[in-house]
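The next block holds one structure in the form of structure tokens; read it before the comments.
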Ligand code: HEC
């Protein structure tokens, strides 16, 4: 029994080390293959309710206040043809921004910091886990079964 407790304590210690505290970046391997992967789609669906005021993710749309997010993973920013984007978002697409796990993880933390001048008036999701879970949900809703593309940052 005692050794079991010790084991549990050890495991807790290890997982604390691995949970991205960044104390020993050279010595630990990250808990997630990518910082944005391994989210929980069920939890992500709840988080998507915040987005659903302005976005749909059903196949083919429709657009609402924001552009539809069907096919968003792997899509160049600002490129839904029947949606009036801000010039800021179109410029990011022209500079090579492609939405994917990594770029959404970065954008959704603070949309206005990532795309200055965006008309997406959403403060962002501060918690890494919320963004991970949301990305898992977006992959599921878009029926992506294999690897989720990471996307490309703007150059
Ligand atoms: C208050 C409305 C609103 C909310 C809430 C909102 N968005 Fe947006 N979103 C927008 C608008 C408007 C745009 C267009 C931005 C632009 O053109 O600058 C946008 C753009 C985007 C884009 C870029 C799409 C493209 O085609 O380039 C993504 C991705 C996105 N939103 C994801 C999300 C996610 C995920 C959430 C929830 C965490 C969310 N948004 C919450 C209004 C919203």
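The values are calculated or read from the model by the stated rules, or taken from the named source; none is laboratory data. The structure displayed is predicted, hence computed values, not measured ones. Cβ atoms come from the backbone with ideal geometry, glycine included; neighbour counts cover every protein chain shown.
Determine, yes or no, whether residue 23 is more than 21 Å from residue 121 (Cα to Cα), at pLDDT below 95 and not in a helix (DSSP H, G or I).
Yes, satisfied.
Exactly one of (1) in a helix (DSSP H, G or I); (2) within 9 Å of the ligand (Cβ to nearest atom); (3) within 17 Å of residue 39 (Cα to Cα) is unmet by residue 133. Its number?
The single condition residue 133 does not satisfy is (2).
When both residues are 6+ apart or on different chains and their Cβ atoms are under 9 Å apart, which pairs have a first residue that lies in segment 71-94 and is more than 19 Å from residue 57 (Cα to Cα), and a second that is assigned to a helix (DSSP H, G or I)?
Note: pairs meeting the criteria are 92/114.
Residue 39: more than 10 Å from the ligand (Cβ to nearest atom), part of a loop (DSSP other than H, G, I, E, B) and over 23 Å from residue 154 (Cα atoms), yes or no?
yes
Restrict the check to segment 98-107 and report whether at least one residue is away from the ligand (no atom under 11 Å from the Cβ), under 14 Å from the mean Cα position of the chain (by Cα) and without any contact (Cβ under 8 Å) to a residue 12 or more places away in the chain.
Among the residues of segment 98-107, not one is away from the ligand (no atom under 11 Å from the Cβ), under 14 Å from the mean Cα position of the chain (by Cα) and without any contact (Cβ under 8 Å) to a residue 12 or more places away in the chain, which makes the answer no.
Counting only residues that are surrounded by fewer than 18 Cβ atoms within 10 Å (Cβ to Cβ) and within 18 Å of residue 90 (Cβ to Cβ), which one in segment 55-70 is nearest to the ligand (Cβ to nearest atom)?
That would be 65.
Table: residues versus (1) in contact with a strand residue (DSSP E or B) (Cβ under 8 Å, 6 or more places away or on another chain); (2) within 19 Å of residue 48 (Cα to Cα); (3) at pLDDT 95 or above; (4) not assigned by TED's automatic domain parsing to the domain that holds residue 52.
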| site | (1), (2), (3), (4) |
| --- | --- |
| 86 | no, no, yes, no |
| 92 | no, no, yes, no |
| 107 | no, yes, yes, no |
| 112 | no, yes, yes, no |
| 121 | no, yes, yes, no |
| 129 | no, yes, yes, no |
| 133 | no, yes, yes, no |
| 146 | no, no, no, yes |
| 150 | no, no, yes, yes |
